[in-house]
Amino acid sequence: MTESKNSLLYSILIPAYNEAENLPPTLEKLAALLRREKIPFELLVVNDNSKDDTALVLERLKTDYPELKVVNNTPPGGLGRAIRCGLRHFKGDVVAIVMADSSDAPEDVVACYRKIEEGYDCVFGSRFRKDSRVTMYPPVKLFCNRIVNHAMRLLFMTRHNDLTNAFKVYRRHVIESISPLQAAHFNITIEMSLSALIRKFRIAEIPISWSGRTWGQSNLRLREMGRRYLCTLLMIWFERILILDDLLRETYPHTDQAEK
């Protein structure tokens, strides 16, 4: 079932830690394109205990962007905690997780919205499909990314090839179904995508353009994150193996989807 064009409120959830330099161009590009496409939207920025001028910059930006809403995440910080904070405050029918550093293209944010309008529950952006474009990806991280994603494809028997990518879009009822989320750091990327996957939501995957950050440093540290990714991966894999019937009955209480 397709939605009427531009009938869904689109929440753009942007976690931000020390992103004072990146936020102005990121918000400018997003707002300009969404306005041009006449998509109703809110820009929900979660200030994740920033130590730079992020809060000051956001306060100034509210003048230019009436769609901007700022939420301050309380300590402790972490990408997962910031996203979870934002998911408690977004107002839209649909929510996109978008990075503050302009690594995610506004055109892809719109493309995901159009896919949702076609009737999908989720849209996963992939950096590794035929028409994807990726620049400035550190080689070591790229190598680790492909190993982890290949392992997840085998474990969960899925065609989706970029489950670790944060850029994904979900309808509100999907967020409600996979909550409460637990991940505190970058492992929230796979907690959200795998939780939606095992519940058999209708998921589209599209090729995207992705570029490494031009200012500041990524907070992803491979050695520290390994144990967190592994814990989240095993938790959801065991849910799929041991209690999937219960998850599906809660997700589809009035249908026969739980029996499939």
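The values are calculated or read from the model by the stated rules, or taken from the named source; none is laboratory data. Quick caveat: nothing in here was measured; it's all calculated off a predicted structure. Cβ atoms come from the backbone with ideal geometry, glycine included; neighbour counts cover every protein chain shown.
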For residues that are in a helix (DSSP H, G or I) and buried (at least 20 other Cβ atoms within 10 Å of the Cβ), scanning just segment 199-236, find the one that is modelled with the lowest pLDDT.
TYR229
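Being polar (S, T, N, Q), crowded, with 20+ Cβ neighbours inside 10 Å and under 23 Å from PRO76 (Cα atoms) is the filter here; which residues of segment 1-21 pass it? Can you show your working first?
The initial filter retains those residues of segment 1-21 that are polar (S, T, N, Q), namely 2, 4, 6-7, 11, 18.
Then drop every residue that is not crowded, with 20+ Cβ neighbours inside 10 Å, which leaves 11.
Scanning segment 1-21 gives no hits.
Working only within segment 79-130, note down all residues that are among the basic types (Lys, Arg) and either buried (at least 24 other Cβ atoms within 10 Å of the Cβ) or part of a helix (DSSP H, G or I) (or both).
Across segment 79-130, the qualifying residues are ARG81, ARG84, ARG114, LYS115.
Which one is nearest to ASN149 (Cα to Cα) among residues in segment 161-188 that are assigned to a helix (DSSP H, G or I) and touching a residue at least 60 places away in the same chain (Cβ under 8 Å)? Break it down into steps so the answer makes sense when it comes.
Going through segment 161-188, the residues assigned to a helix (DSSP H, G or I) turn out to be 172-178, 188.
This time we only want the ones that are touching a residue at least 60 places away in the same chain (Cβ under 8 Å), so: 172, 175, 177, 188.
Working: ARG172: 26, ILE175: 22, SER177: 24, ILE188: 15 Å.
Here the answer is ILE188.
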Filter segment 23-75 down to the residues that are in contact with a strand residue (DSSP E or B) (Cβ under 9 Å, 6 or more places away or on another chain) and assigned to a loop (DSSP other than H, G, I, E, B) and list them by number.
ILE39, PRO40, ASP48, ASN49, SER50, LYS62, TYR65, GLU67, ASN73
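Filter segment 33-54 down to residues that are touching a helix residue (DSSP H, G or I) at 6+ places or on another chain (Cβ under 8 Å) and either of a type in the set (Asp, Glu) or exposed (fewer than 15 other Cβ atoms within 10 Å of the Cβ) (or both), then give me how many there are. Please lay out each step first, then the result.
Narrowing segment 33-54 to residues touching a helix residue (DSSP H, G or I) at 6+ places or on another chain (Cβ under 8 Å): 33-34, 37, 39, 41, 43-48, 54.
Narrowing further to those that are either of a type in the set (Asp, Glu) or exposed (fewer than 15 other Cβ atoms within 10 Å of the Cβ) (or both): 37, 48.
The qualifying residues number 2.
If a residue must be buried (at least 22 other Cβ atoms within 10 Å of the Cβ) and within 13 Å of GLU42 (Cβ to Cβ), how many such residues does segment 66-78 contain?
Taking segment 66-78 as the starting set, the residues that turn out to be buried (at least 22 other Cβ atoms within 10 Å of the Cβ) are 78.
Checking the rest, the ones that are also within 13 Å of GLU42 (Cβ to Cβ) come to none.
Here the count works out to 0.
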Would you call GLU250 over 19 Å from the mean Cα position of the chain (by Cα), surrounded by 13 or more Cβ atoms within 10 Å (Cβ to Cβ), acidic (Asp, Glu) and at pLDDT 90 or above?
no
Of all residues in segment 225-248, which are without any contact (Cβ under 8 Å) to a residue 24 or more places away in the chain and over 18 Å from ALA151 (Cβ atoms)?
LEU242, ILE243, ASP245, ASP246
